[in-house]
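Report on the following structure.
The values are calculated or read from the model by the stated rules, or taken from the named source; none is laboratory data. What you are looking at is a predicted structure, and each value in this text was computed from that prediction instead of being measured. Cβ: placed from backbone, ideal geometry, glycine included. Neighbour counts: every protein chain shown. Please note that ligands, DNA and RNA were not included when accessible areas were found on the heavy atoms of the full protein model with its side chains. Shrake-Rupley method; radii C 1.70, N 1.55, O 1.52, S 1.80 Å.
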Amino acid sequence: MTDVITDEKIPNNVNLAGDRRLQRALEAWQPHFLDWWKAMGPVGWQDKDIYLRTAISVETDGWAHFDYVKMPDYRWGIFLEPRQEGRVHGFGDFAGQPVWDEVPGEFRNMLRRLVVTQGDTEPASVEQQRALGATAPSLYDLRNLFQVNVEEGRHLWAMVYLLHTYFGRDGREEAEELLARRSGDADKPRILGAFNEPTSHWLSFFMFTMFTDRDGKYQLAALAESGFDPLARTCRFMLTEEAHHMFVGESGVQRVVKRACELMKQDRNGDPRALGGIDLPTIQKYANLWYSLSLDLFGGEVSSNAADAFAAGLKGRYKEDRYDEHKLIGSSFAMDVLRDGKVVHEDVPMRNALNEVLRTEYIKDCQRGVDRWNKTIKDEGVGFELTLPSHKFHRQIGMWAGQYFSPDGEQLDAATWNARRGAWLPNATDEAYIKSLMHAVYEPAKMASWIAPPQKGINNLPGDFQYVRL
Ligand code: BYC
């Protein structure tokens, strides 16, 4: 492990200087990245000083380095967790054999597809969020948005490093393509569905970081098990950054929920909208939307791609070492499937069910977050409970796509679904109302009407800290 040399053009702990060809290739990609960042990154904030955390090495004190920085000067770099000597494949057909430091020829395409899919989500989310700075509910939130954005940029660097280092010319071409696709663009959209949805206001941003970034946690954790060691090591470091994004989402929604409860108690009719807040049923609708979009990101319920990736030792389960058995031959997973239009509970061969296994872990994690929101509601003395809808509700990928299910998981006909959809998912009126609340609050310590202040400041700073210098 080399120490980070911070005056290098590209900060890194992979001894980039020792591989001139790679260094030159990445230094050639760097200006393209910066052009993309300036064109598609946060609108209107590129020349402002933002109080950001910058990773300068993988040691604890190295990646928690805080200072004011202009976003285009952020030190995007390449950081991999240290190599574990003697590491072996933890699962799949090669379990127990030494991990790979190079890409095995027969799995090259599969591996490249995984890296490209992961890489594509990172710039996509920056594009989705680029206009939000104009309506931030506080300087604290504005700074958190930009922190998330620069780290997504770094995650793109992480995947581009793998493409350039291990996939030769087609890797370099894929790296260029990652900067060419555009979220929501009809001609060159981003690869996965949720990354083409507009994130046009802060409630959606908080739901996105709660639910969609949490998919990121599970996908990265599955790739962190990989027998392709450079992928495992880079995903492990990415996971340390991902935790902050989910904090932004979960605590963001929690503050909106808290504010809703406070305003319910202040208003004569118990209506937070009357006082510029967001009511709990509307919050529920946005949770329904972003949770269901994020469930789609796990892929089909029964997937030969997932089986192949596991067999090849490329993509494991969440925390593979919690399991006793790592080959998964002859075992099965009991799950709901669709047979002749009806839901039945069936055993599916385990390897084919791995997308669903990962999704099931994710659902449990989401539920823990929702439980914490409900604790806030209870502590405020309000009688309301937020819930996660059924995993079959509003799905667009996998076997539930094209079917109609209520949030309770009841199968419906199309007419009933269409009549009730607006009660379960944000409708045009909800969207217009939420957007009407979105006005920037840039005074230190002040908050928009619809959100409670955070419990504590970033890096333990006081509430009136100037996180962004205007
Ligand atoms: N949209 O066998 P199937 C993050 C395609 S988020 C569109 O069911 P498989 C982040 C699939 O490509 C984490 N298409 O599933 C969060 C396949 O097409 P082909 C992102 C989809 O192959 C916030 C076909 O349907 N990381 O980091 O197991 C901010 C059948 O596929 C979708 C990853 O996704 C979809 N949702 O794919 C920033 C990890 N789902 O091959 C960042 C890498 C499936 O038949 N990717 N399809 O043409 C993977 O592990 C897998 O590719 C998938 C599941 C998760 C996408």
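Among the residues of segment 184-205 satisfying the criterion of being crowded, with 18+ Cβ neighbours inside 10 Å and more than 14 Å from the ligand (Cβ to nearest atom), which is farthest from Ile451 (Cα to Cα)?
Checking each candidate, the answer is His201.
Conditions tested, residue by residue: (1) open to solvent by less than 10 Å² (accessible area, probe 1.4 Å); (2) hydrophobic (A, V, I, L, M, F, W, C); (3) in a helix (DSSP H, G or I); (4) in contact (Cβ under 8 Å) with a residue 40 or more places away in the chain.
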{"residue": "Ile56", "(1), (2), (3), (4)": "no, yes, no, yes"}
{"residue": "Phe66", "(1), (2), (3), (4)": "no, yes, no, yes"}
{"residue": "Val69", "(1), (2), (3), (4)": "no, yes, no, no"}
{"residue": "Pro72", "(1), (2), (3), (4)": "no, no, yes, no"}
{"residue": "Arg75", "(1), (2), (3), (4)": "no, no, no, yes"}
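Which of the numbered conditions does Arg259 fail, given that it passes all the others? Conditions: (1) within 16 Å of the ligand (Cβ to nearest atom); (2) within 19 Å of Ser436 (Cβ to Cβ); (3) basic (Lys, Arg).
(1) is the only condition that Arg259 fails.
Can you find a residue that is part of a loop (DSSP other than H, G, I, E, B), in contact (Cβ under 8 Å) with a residue 40 or more places away in the chain and buried (at least 21 other Cβ atoms within 10 Å of the Cβ) anywhere in segment 277-286?
Scanning segment 277-286 turns up at least one residue that is part of a loop (DSSP other than H, G, I, E, B), in contact (Cβ under 8 Å) with a residue 40 or more places away in the chain and buried (at least 21 other Cβ atoms within 10 Å of the Cβ).
Could you pull out the residue among Val344, Val302 that is touching a strand residue (DSSP E or B) at 6+ places or on another chain (Cβ under 9 Å), open to solvent by 10 Å² or more (accessible area, probe 1.4 Å) and without any contact (Cβ under 8 Å) to a residue 24 or more places away in the chain?
Sole residue among the options that is touching a strand residue (DSSP E or B) at 6+ places or on another chain (Cβ under 9 Å), open to solvent by 10 Å² or more (accessible area, probe 1.4 Å) and without any contact (Cβ under 8 Å) to a residue 24 or more places away in the chain: Val344.
Has segment 84-96 got at least one residue that is within 16 Å of the ligand (Cβ to nearest atom) and either under 30 Å from Ile329 (Cβ atoms) or surrounded by fewer than 22 Cβ atoms within 10 Å (Cβ to Cβ) (or both)?
Checking segment 84-96: at least one residue is within 16 Å of the ligand (Cβ to nearest atom) and either under 30 Å from Ile329 (Cβ atoms) or surrounded by fewer than 22 Cβ atoms within 10 Å (Cβ to Cβ) (or both).
For Ser294, indicate whether it is of a type in the set (Ser, Thr, Tyr), modelled with pLDDT of 95 or more, within 11 Å of the ligand (Cβ to nearest atom) and surrounded by 24 or more Cβ atoms within 10 Å (Cβ to Cβ).
yes
Output the residue which, of all residues in segment 309-341 that are among the hydrophobic types (A, V, I, L, M, F, W, C) and exposed (fewer than 12 other Cβ atoms within 10 Å of the Cβ), is nearest to Arg112 (Cα to Cα).
Within segment 309-341, the match that is nearest to Arg112 (Cα to Cα) is Ile329.
Among the residues of segment 409-422, is there at least one that is among the polar types (S, T, N, Q) and surrounded by 16 or more Cβ atoms within 10 Å (Cβ to Cβ)?
Yes: one or more hits.
Please specify each residue of segment 136-161 satisfying the condition of being under 26 Å from Cys235 (Cβ atoms) and open to solvent by 10 Å² or more (accessible area, probe 1.4 Å).
Tyr161 - this is the single residue of segment 136-161 that is under 26 Å from Cys235 (Cβ atoms) and open to solvent by 10 Å² or more (accessible area, probe 1.4 Å).
Among the residues of segment 225-235, is any under 19 Å from Leu162 (Cβ atoms), within 13 Å of the ligand (Cβ to nearest atom) and open to solvent by 20 Å² or more (accessible area, probe 1.4 Å)?
yes
Results for (1) more than 11 Å from the ligand (Cβ to nearest atom); (2) surrounded by 18 or more Cβ atoms within 10 Å (Cβ to Cβ); (3) of a type outside the set (S, T, N, Q), shown as yes or no for each residue.
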position	(1), (2), (3)
Ala175	yes, yes, yes
Ala180	yes, no, yes
Phe211	no, yes, yes
Arg214	no, yes, yes
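Does Ala134 satisfy being more than 12 Å from the ligand (Cβ to nearest atom), at pLDDT 95 or above, among the aliphatic types (A, V, I, L, M) and part of a loop (DSSP other than H, G, I, E, B)?
no
With the structure loaded, tell me whether Thr165 is of a type in the set (Val, Ile, Thr), in contact (Cβ under 8 Å) with a residue 60 or more places away in the chain and either near the ligand (Cβ under 10 Å from one of its atoms) or open to solvent by 30 Å² or more (accessible area, probe 1.4 Å) (or both) or whether it fails that test.
In short, yes.
At least 3 residues that are among the small types (Gly, Ala, Ser) and within 26 Å of Arg359 (Cα to Cα) in each: list the helices (runs of 4 or more DSSP H) lying fully within segment 148-231 that qualify.
213-224
Condition test on Thr135, is it within 30 Å of Tyr323 (Cβ to Cβ) and under 22 Å from the mean Cα position of the chain (by Cα)?
No, not satisfied.
Restricting to segment 364-402, and then to whatever is open to solvent by 40 Å² or more (accessible area, probe 1.4 Å) and under 16 Å from Met210 (Cβ atoms), can you tell me which residue is farthest from the ligand (Cβ to nearest atom)?
Result: Lys375.
Does segment 351-360 contain any residue that is within 14 Å of the ligand (Cβ to nearest atom), touching a helix residue (DSSP H, G or I) at 6+ places or on another chain (Cβ under 7 Å) and among the acidic types (Asp, Glu)? Spell out how you get there, then give the answer.
As a first pass, look at segment 351-360 and keep what is within 14 Å of the ligand (Cβ to nearest atom): 351-359.
When the remaining residues are screened for being touching a helix residue (DSSP H, G or I) at 6+ places or on another chain (Cβ under 7 Å), the result is 351-352, 354-355, 358-359.
Add one more test, that the residue is among the acidic types (Asp, Glu), and what stays is none.
No, the conditions are met nowhere in segment 351-360.
What do you reckon, is Arg112 part of a helix (DSSP H, G or I), open to solvent by less than 60 Å² (accessible area, probe 1.4 Å) and not hydrophobic (A, V, I, L, M, F, W, C)? First the steps, then the outcome.
Details: part of a helix (DSSP H, G or I): yes; open to solvent by less than 60 Å² (accessible area, probe 1.4 Å): yes; not hydrophobic (A, V, I, L, M, F, W, C): yes.
Here the answer is yes, as Arg112 does meet what is asked.
Which of the residues belonging to segment 434-449 are open to solvent by less than 90 Å² (accessible area, probe 1.4 Å) and more than 24 Å from the chain's Cα centre (by Cα)?
Of the residues in segment 434-449, the ones open to solvent by less than 90 Å² (accessible area, probe 1.4 Å) are 434, 436-438, 440-442, 444-445, 447-449.
Listed by number, the residues that qualify are Ser436, Leu437, Ala440, Val441, Tyr442, Pro444, Ala445, Met447, Ala448, Ser449.
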